[in-house]
1. Filter the stretch B:185-214 down to the residues that are surrounded by 20 or more Cβ atoms within 10 Å (Cβ to Cβ) and either touching a Cys at 6+ places or on another chain (Cβ under 6 Å) or over 23 Å from B:Arg82 (Cα atoms) (or both) and list them by number.
2. Being part of a loop (DSSP other than H, G, I, E, B), closer than 26 Å to B:Asn233 by Cβ and charged (D, E, K, R) is the filter here, so list the residues in the stretch B:112-136 that pass it.
3. Out of all the residues in the stretch B:359-371, is one or more in a loop (DSSP other than H, G, I, E, B), farther than 14 Å from B:Val303 by Cβ, in contact (Cβ under 8 Å) with a residue 40 or more places away in the chain and not assigned by TED's automatic domain parsing to the domain that holds B:Glu227?
4. Which of the residues belonging to the stretch B:313-340 are closer than 19 Å to A:Met314 by Cα and either within 13 Å of chain A (Cβ to nearest Cβ) or of a type in the set (Asp, Glu) (or both)?
5. So, of the residues in the stretch A:301-312 that are surrounded by 18 or more Cβ atoms within 10 Å (Cβ to Cβ) and of a type outside the set (A, V, I, L, M), which turns out to be nearest to B:Ala320 (Cα to Cα)?
6. Inspect the stretch A:208-231 for any residue being surrounded by fewer than 14 Cβ atoms within 10 Å (Cβ to Cβ), away from chain B (no Cβ under 14 Å) and under 30 Å from B:Phe317 (Cα atoms) and give the result as yes or no.
7. Pairs only if they're at least six apart or on different chains, beta carbon under 7 angstrom, first in the stretch B:242-255 and within 9 Å of B:His230 (Cβ to Cβ), second of a type in the set (Lys, Arg) and in a helix (DSSP H, G or I); list them, first residue then second.
8. Which residues, counting only those in the stretch A:167-226, are within 9 Å of the chain's Cα centre (by Cα), in a strand (DSSP E or B) and not small (Gly, Ala, Ser)?
Amino acid sequence: MKVIEMPAASDAVKAKLICAGILISGCSGSQSALSPAGAGAEQIASLFWWMAGGATIIWVIMIALSIYTLHLNPDAHHRQKSALFIIGGGAIAPTIILTILLIYGLNLLPALLARPPAGTLQIEVQGYQWWWRVRYPNQSGEPIELANEIRLPRGEPVEFILSSKDVVHSFWIPSLGGKVDMIPGRTTHLTLHPTKTGRFRGACAEYCGASHAYMNFTVDVVEKAEYDEWLAQQSADRLAPRNEAAERGEELFLQTGCGACHTIRGTEADGTIGPDLTHIGSRNSLGADMFVNNRENLQNWIAHVSALKPGVKMPEFRALSDDEYQSLSKYLEQLK
Amino acid sequence: MKRRWKIIGTLGLVAVIGGALVVVSGVIPVKASSGHWEITRWFLNFTKERSVATHSTGIKVPDLEDRALIIKGAGHYETGCRVCHGKPDSVRPRLVSLMTPQPPDLQKIVPQREPQELFYVVKHGIKMTGMPAWPELKRDDEIWPVVAFLLQYSELDLAEYDELVWGEHQKQSDQSIDSAEGTSLPVPHLVIEECAGCHGVDGQGRGLGVFPRLAGQNEAYLRVSLEAYHHDNRLSGTMEVIASRMNQKEIQEISRYYSRLPPFPSKENQNGEASSNRDSEAEVASFERGAEIAAEGIADQDVPACADCHSTTRKPFKNAYPTLIGQYQDYLALQIKLFQNRNRGGSKSANLMHAAVDGLKPDQIRDVSYYYSVLPDKE
C-alpha cells in the first residue's frame, strides 16, 4: 500500500496495469507521457485514459457478441436483426464515437498550440546531430547559452522557440507535454506549463541519423527562487581554474584548438560549432544525456568520442598524452 | 563419335599430367642469366602491351605542360625510377643490366607510349618484371607529374636532367648555411642526399609551390610528419619511400635542421617580380575573405577558425601543429583537398583536419590558402 501514499501514484498504477506484459518500466518514470507533470501532458494523458477506457468497453462488447454468436446461440440468426447489428455496430456507432473523439481531440489543440501571453519566458532550442543548443534570454542582451540541459520554474508557462540546423528533429518532453518537430529553415513553437518539480527526460522523437538514440536531454523543474539562482550562475563567466592541473588544462584547451568549436566565456575560446562549455561541470550529464558527468567520463569522451557516439562531428584528440587528458578533464570538471 | 571423345579426353589428360610433371620436376630454368627466348620475349611483351592499352582506356589526361609539374615529376623520377631506368647520357647500373627483363631505356620507349598508358604503368607497375606499383594508390596527383616529366624525358641531356632535378642547388657536401639565429649551421649529409633536390638546402621548396617550404617549420611537426610517412600513415608515393629508409635519429636530425633555418621569407625577398601585381583588387578581396575564414571560421558550414590551431603570427610552438605562414598557396590548397577526400593521412592529429575542412568550398580553399601564403608580407 506504500505506492498509493506517493503523489501521482494512481497514474503510475494505471500505467503499470496497462503496460503489464509489454514494457513495464518503460511506461513510468521521468520520460513517460503517463506520469504527467505539466498542463499539456495532463490533458494528453486524460485523453489517453478516456480512449483506453472506451476501447476497453468496445472490446468487451465485441468479445461478448462473438461468444454469444459462436457458442451460446450458434444457429441461424434473424436476418433483419443481424443487419441492424452490422450496420449499427459496424458503421453508425464508430462514426459517432470517432466524431466525438475527433471533436474532443481537436478542441484540445488550440490550447496546446496557442502562443502564450507576451512576457512569457522564451527558451530557444536548436537541434543538431546529435545534441541541443539551448539559449536563455538575458536582461543584458547576449543570450545565455548552454547545451543538452533545460531548467524551468514550476508553475509558469514557458515557450520554446524550436529550429534545426541540419535534419528534422523532434523536441519532446513526454512528462510535460506534446512533441513538436524542429525543421531546418523554419521556426516552430511549443508552450509548456510545468506543474510539478522534479527531473524529467526529453528526447529527439524523429529519427535523425546514426546517433539519434543518443540525442536526449534533462529537464529540471524547480521552484522559481532556485531557478533564478541557477540562471544567474549560468550567465556568469567561467570559474577560473583552482589548481595547477586545471590551469594546465585551460592552457591545453586553448592551445590544442578546442576553442575553435567550443566557447568558454571568460577565455579566448569562442567557437560556436559545438556546445558551449562555460559551465559544463555543472551539467547533469555528458554527450546529450549519454553519460554521468564525472572526470573519468569526460576523459573518455575526449579520447574516444567517435567510438562512444557514432557519427559525431567532434574529432578525437589522439595526440594528447594521458597526463594531458587528465589535466583537460580536471579543468572541465571544475567549470561548475 | 563416342570413340573420338575418348581419344580427345585421353590426350588431354596426358597433356595435363605431362605438363604437371614438367613443372614438378623443376627442369624449366627460371634463371635470369640466360634471358628469354626471342619468342617468349615477344609473347610476354605483346601480352603486356595489349593489357596496358586495354586497361588504360578511358583514363582522362590532365594538362601536363606546367613546368612546376615537370620539375615535381623529375624529383620523383630521381628518387624512385632512376635507380633502375638510369638517366640521360649515363651508364646503366651494372646490376640492373643483369635483370630479365631489363628495365627499358625510357628515353627510347616513352615516345611510343600514350600518356594514359604511362600513367597506368607508373601507378600499377607490371607483374614479374621488377616494375613496382606506386606506393600510394590514392595519390594520382603525384603520378601525373611523373608522366609530365616522362613526356619531356626523351629530349633531355644530362645537364638539363640535373637542372630539372636539382635546380640551382647542385649536390655538394660540406655545405653550411645561416640558421635563424644567425649562427652557421652545417648541412647534414642526409639532407643533401635525400631532401635538398626538392625542398632545397635552404628549405624553401624551390619556389614552385609543388614542394612545401620546410624552413622554420615546427620541429615537432616535421618529426611526426616524417614518422607518419615512415609508418605509411601519411600517404605519399615519394615521401613514404624516402622516409621508410630513415631511422629515428635521422628523422630527428632532419627535423631539427629545417626547423632552425630562417623562416619563410616574404615574397619580396624571394622573388622581386611577384610583388608588382600582388595587391590586385582580386587578391586583396581574396586575402580579406581568407583572413575572415582563418580568424572566425564559417560556423554555418561547420568550419572552425584555422587560427585557433595555426597561428597567424609567429610565436613559439607548443604542440605538433604546423605553421602555415608563408607556405605555398597551391601546396596548402592541395593538402585541404587531400584531407577532404581522406587521401592525405598524417600524424595522430590528422583526423582533426577532416572535421575542420570538410565544409570548405573550392573558392574558400583558395582564399584561405592565399591568405596564409602571403601572410609574411602583411605582418
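The values are calculated or read from the model by the stated rules, or taken from the named source; none is laboratory data. Everything quoted here is computed from the prediction, not taken from an experiment. As a convention, Cβ positions derive from the backbone with ideal geometry for all residues, glycine included, and neighbour counts pool all protein chains shown.
1. The answer is B:Gly203, B:Gln204, B:Phe211, B:Arg213, B:Leu214.
2. Within the stretch B:112-136, the first condition is being part of a loop (DSSP other than H, G, I, E, B), and the residues that meet it are B:113-114, B:125, B:127-130, B:132-136.
Cutting the leftovers down to closer than 26 Å to B:Asn233 by Cβ gives us B:125, B:132-136.
B:Glu136, the sole residue that qualifies.
3. First, the residues of the stretch B:359-371 that are in a loop (DSSP other than H, G, I, E, B): B:359-361.
Next cut, farther than 14 Å from B:Val303 by Cβ only: none.
There is no residue in the stretch B:359-371 that is in a loop (DSSP other than H, G, I, E, B), farther than 14 Å from B:Val303 by Cβ, in contact (Cβ under 8 Å) with a residue 40 or more places away in the chain and not assigned by TED's automatic domain parsing to the domain that holds B:Glu227.
4. Narrowing the stretch B:313-340 to residues closer than 19 Å to A:Met314 by Cα: B:321, B:336, B:339-340.
Correct list: B:Tyr321, B:Phe339.
5. A:Trp301
6. no
7. B:Ile251/B:Arg223
8. Across the stretch A:167-226, the qualifying residues are A:Phe171, A:Trp172, A:Lys179, A:Phe200, A:Arg201, A:Cys204, A:Asn216, A:Phe217, A:Thr218, A:Val219.
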